[in-house]
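Notes for the one structure printed next.
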Ligand code: ADP
Ligand code: MG
């Protein structure tokens, strides 16, 4: 194979001088036509791992991704760095006949390097029949945890991907990418995509600049939050609540107390939501009080605190949500209020669901309980949960949690959480 200067290509297409973390090794694996599995935290730079090889290689790379908005963003970004509009396309149900024809032409002519498709579009026989006669460089499955019921965003249509891929071509290299680091989800991904021998690249999930803290949830939670936010006035923060009602109520309470806060949840109309999001990004306000509807794809580097008014339903969610703090490497204070009663509430929410789902939900919750009630290092617990051992000697952020900084006796810890 001809020698490719990857740094040169990186600079040429993306303007970056260095690869981030494991990117270069991942890209080499993809260029060598190997099945590849990438596990990197959000913001780690997973997109570039498949975009750069797609641009370099002959043929078209198919990228499966669950969110149309994110696909469109990526297509726009890629088009910006290329001379030809057709370098990237999205194939979905919103295209008319003429547009579909154009996409097909660009693929057949070797112009399209990246073809983004939602998994449900890829099942269309018309597309499968077309794609199986084209030169496909590889197939990348972004957000691959959607394959697993153990992930936080299970999508049944992801389960069928492997069968479709095989109909398109039986020797197309498969690339799976996810920010979910739990061993169960990883196993599911490799099994479902039937790539047991994929080259696997896993980045560290340690976030040394985040301070983790669990506080007992009492009647005082409102005043406790107000006190904290006021002490950090002028800093940006997100406060997550389980219910829309609580979001409304808490954001009002904060406003009444002179804090610049706005609510965000899926019950607000799209205009209000995007206005509130912009106000947060532009720093017209300091705090967004939100349900988990807020956050996906939000890239504000200087979020200084993430507060959980209610404990999340899995360690995975907790990690993703707290992970929105301190993206710039600066301070990130993560506080979660915990009361065992909330766990019972979460259990109740699940009671109408299919048994298998309930069992998974219950198991995930048990880990949350163990985490919240534990008196060992929060960081160690999280990393262990993700199958990673925290290195006490050299590991960064070793003293960045309440349990390490203010060790409690077991009895104290128990009394605390039972308030
Ligand atoms: P992920 O999908 O892993 O969450 P993204 O692919 O969205 O991460 O990338 C996160 C950010 O990192 C983007 O703003 C991207 O431009 C940037 N990025 C990626 N690779 C590099 C690099 N080699 N050098 C500098 N910035 C990078
Ligand atoms: Mg991504």
Seminar exercise, completed: Residue separation between residue 260 and residue 218 times 0.36 nm, minus their alpha-carbon distance, gives in nm 12.7 nm
Exercise. Measuring from the lowest to the highest alpha carbon on each principal axis, how far does segment 145-228 reach, largest first, in angstroms?
Worked result: 60, 27, 17
Seminar exercise, completed: Extension length gain for residue 69 and residue 135 (0.36 nm per residue less Cα distance), in nm, is 21.1 nm
Exercise. Expressed as cubic angstrom per residue, what is the convex hull volume of the alpha carbon set of segment 201-347?
Worked result: 121
Problem set entry | Three principal axis lengths of segment 280-387 [C-alpha, angstrom, descending] | 44, 31, 24
Seminar exercise, completed: Within segment 36-56, the residues whose backbone N lies under 20 Å from a label point placed 7 Å from the Cα of residue 4 along the Cα-to-Cβ direction are 36-39, 45-56
For this session: Could you check the simple spin-label distance between residue 347 and residue 253, using points 7 Å along Cα→Cβ, in nm with one decimal?
Result: 2.6
Problem set entry | Candidates 94, 137, 223, ranked by Gaussian network fluctuation over the chain, Cα under 10 Å, top entry | 94
Exercise. Which whole-number percent of Cα pairs in the chain have a distance greater than 30 Å?
Worked result: 47
For this session: Give the order of 153, 284 when sorted by the count of other beta carbons within 10 angstrom, beginning with the fewest.
Result: 284, 153
Problem set entry | Overall Cα dimensions of segment 34-96, principal axis frame, Å, largest first | 35, 26, 21
Exercise. Which values of log₁₀ I(q)/I(0), to two decimal places, follow from the Debye formula for segment 35-180 at q = 0.20 Å⁻¹ with a uniform point scatterer at every Cα?
Worked result: -1.34
For this session: Kindly give the semi-axes, whole Å and largest first, of the ellipsoid equivalent to segment 282-342, taking each as the square root of 5 times a Cα gyration tensor eigenvalue.
Result: 20, 12, 11
Exercise. Rg (Å, one decimal) plus Dmax (Å, integer) for the alpha carbons of segment 104-249?
Worked result: 22.1, 66
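Using only Cα atoms, figure out Rg for segment 249-289 and give it as a multiple of 2.2 N^0.38 Å.
Relative to the 2.2 N^0.38 Å estimate, segment 249-289 comes out at 1.08.
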For this session: Obtain the nm distance between the two label points defined at residue 32 and residue 77 by a simple spin-label model: each point lies 7 Å from its Cα along the Cα-to-C-beta direction.
Result: 2.7
Seminar exercise, completed: In vacuo Debye sum over C-alpha of segment 226-306, base-10 log of normalised intensity I(q)/I(0) at q = 0.14, 0.15, 0.22, 0.23 Å⁻¹, listed in q order, is -0.39, -0.45, -1.02, -1.12
For this session: At q = 0.17 Å⁻¹, work out log10 I(q)/I(0) for segment 1-112 with the Debye formula, treating every Cα as an identical point scatterer and leaving solvent out; two decimals please.
Result: -0.91
For this session: Return the FRET efficiency for the residue pair residue 14, residue 373: r is the Cβ-Cβ distance, R0 is 35 Å, and the value is rounded to the nearest 0.05.
Result: 0.20
Problem set entry | Cubic angstrom per residue, convex hull over Cα atoms of segment 183-250 | 181
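Test of understanding: what is the full-extension gain from residue 296 to residue 227, defined as 0.36 nm times their sequence separation minus their Cα-Cα distance?
Length gained, residue 296 through residue 227: 22.1 nm.
Here, each number is a calculation from the coordinates, and none is a lab measurement. What you see is a predicted model, and the numbers here were worked out from it, not measured in a lab. Neighbour counts run over all protein chains shown; Cβ positions are idealised from the backbone, glycine included.
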